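Only one structure is covered here, and it is reproduced in the block below.
Nothing in this text is a laboratory measurement; each read-out follows from the coordinates by a stated rule. These figures come from a predicted structure and were not determined experimentally. Cβ sites come from the backbone with ideal geometry, for glycine too, and all protein chains shown count toward neighbours.
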Amino acid sequence: MEFSGEAANRFPSRRRALSVMASGAAGVTASVAFAGSARAVGGSGSVNSDTAPVVRTRQGQLEGFTADGVNKFLGVPFAQPPVGELRWRAPKAPVPWSGVRTAQEFGPAAYQGPINASFRTDRVSEDCLYLNVWTTNLSKRARQPVVVWFHGGGNLRGAASEMFTDGSSLAKLGVTVVAPNYRLGPFGFLNDEEMGANFAVLDHVAALRWVRENIEAFGGDPSRVLIFGYSAGAIEVRALLQSPQAKGLFQRCALLSQGGELPVSTEAWNFERSREATERIFSELGATNRSKLREVSAEAVYAAGFAASRVPTPAGGVFTPLDLVWNPVPDGEVVTEQFPAWSSGVPAMFACCQHEGRSFLNPGVPYTSETLRVMAESLAGPKADEVLRILNLEGGTTFESLDRLFTTVIFSEQEYASLRRFSGGDRKLYSYRFQRASPGRVQNNRLAHHGADIFYIFGNLLDSEFYPGGPYDAIDVQIRDEMQHAFVEFARTGVPERLDGARWPEFGRSRSLHTVVNDQVSFAPYDVDPVLESLYRLRPRVR
């Protein structure tokens, strides 16, 4: 496959990487060889310039590079570019190639708004269905557990190449790490009766099928696959639990900071709202013929989708507008209202950080009782008064009041509801609350902000211009080691454990324990919280 014309001019680096001709079906047997020298494009650390790893996948051979003992394969296609006639269609298998394809640069991020250098790519494109692999062992006999990461970003932004989720550190602990991109915003979450829905979920399924077919070439075990994500990525994991098409493609899952579903309102972020946003896009683009929408520029589609998904910023901008119109929806085919993965006994881990809400609050606005009320109405609709009463926040005027409202309603109750709903039977459920006051992205403060645990899980304790809250200390390093060990063991055996070998407790109806991560990792009773239980009871009983 070669690029020519506009595509070649826009993506010269990919033109070099794809200077191989498409041919018939490539060999199925996975193998590894070494050839040439590698460049550390998109990577970090010292590079072994003498040999570059080459693996054989079902589509053809890939040449990666080695840095600090980790073999990296970047920008690997797991589907054909979803452009032109393939826009708003299920992804198709990648076209095989002959020769050796270079896999040393991150592919473009999915089409979205402005990105920064932490993405480690300066390109965004509809042509985004690429994944990255990190591994220290390329032997088929290695049979390492596999961890597949789905990035967050509100389903409107984000990429598999982000700096703080680099897979090198995890790979050094004996797992094969995979991180795919997926279509975002209206490209991935359009909801139309004629054209369909849940295209991003189908991207995830395609990536997991690629893992099943190819991961042995990267030392991975396709029968031990852990999928995990945070924020919107956790919502994607939940959708895969609800997808018959994903059944059997993974054996463990972790949902971290799973927001995005309002527990106390039937009006927000539901099927009808995303359908209405889709109709607004069509109206904005002046399209009466659905098929003609595949001819509209990506820029125009994105602009219309961005406008359709905006929500008014309440109370003079007290919190970041939530663009969560673009979510998976139960269409009855790709995503159902049932959870077929549970019948396969998939263990699950749920997590929440102590101050999730801080990442969404604007410190520059006045905090008054009116501010709190408007925020409650935005989150809970007609049940706002009841929510404020349950949280004992009537008349609250502090930043902490807003943080508690947002964190509890959007995140803590979501975790609690999932545990309440799915506990019992043979399901193994685990829960942790991350309370470590860590450096991060929120007002240069040390606190357990939204996504704070991700830095520790991936082992990337970054002190940089992007995450200026450092420095990390010896306790942070210890917590990093604990979190990485727990996730590696969860991937390996389905049971997380501490470094001292103590297994994390299961969450159950009769004996509810969970794990608390603060200055150390401890186990504590998960007592029935009257606040969370009261909020849970406000949920519509259809759930």
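Here's the list of lysines a cross-link from Lys428 could span, going by alpha-carbon distance under 23 Å and ignoring same-chain residues fewer than 8 apart: Lys247.
For Thr102, the amide hydrogen comes within under 5 Å of the amide hydrogens of Glu63, counting only partners 5 or more places away or on other chains and with H modelled in the peptide plane.
When Trp134, Trp88 are sorted by how many other C-beta atoms sit within 10 angstrom of their C-beta, beginning with the fewest, the order is Trp88, Trp134. Each residue of the stretch 362-369 is assigned a 3J(HN,Hα), and the resulting list reads 9, x, x, 10, x, 9, 10, 4 Hz, derived from the Karplus form 6.51 cos²θ - 1.76 cosθ + 1.60 (θ = phi - 60°), x at Gly and Pro.
Residues whose amide H comes within less than 5 Å of that of Gly220, counting only those at least five positions distant or on another chain, are Gln144 (H built at 1.01 Å from N in the peptide plane).
The distance from the alpha carbon centre of the stretch 50-117 to that of the stretch 354-418 is 42 Å, rounded to a whole number. Residue-wise HN-Hα couplings along the stretch 200-217, as the Karplus relation 6.51 cos²θ - 1.76 cosθ + 1.60 with θ = phi - 60° gives them from phi, are 5, 4, 5, 4, 4, 4, 4, 5, 5, 5, 4, 4, 4, 7, 10, 5, 4, 5 Hz; Gly and Pro carry x.
In a reduced charge model with +1 at each Lys and Arg Cβ and -1 at each Asp and Glu Cβ, the stretch 127-191 shows a dipole moment near 320 debye about its Cα centre. For the stretch 332-429, GluC sites (Glu not before Pro) are listed when DSSP marks them as loop and at most 11 other Cβ atoms sit within 10 Å of their Cβ; the list is Glu337.
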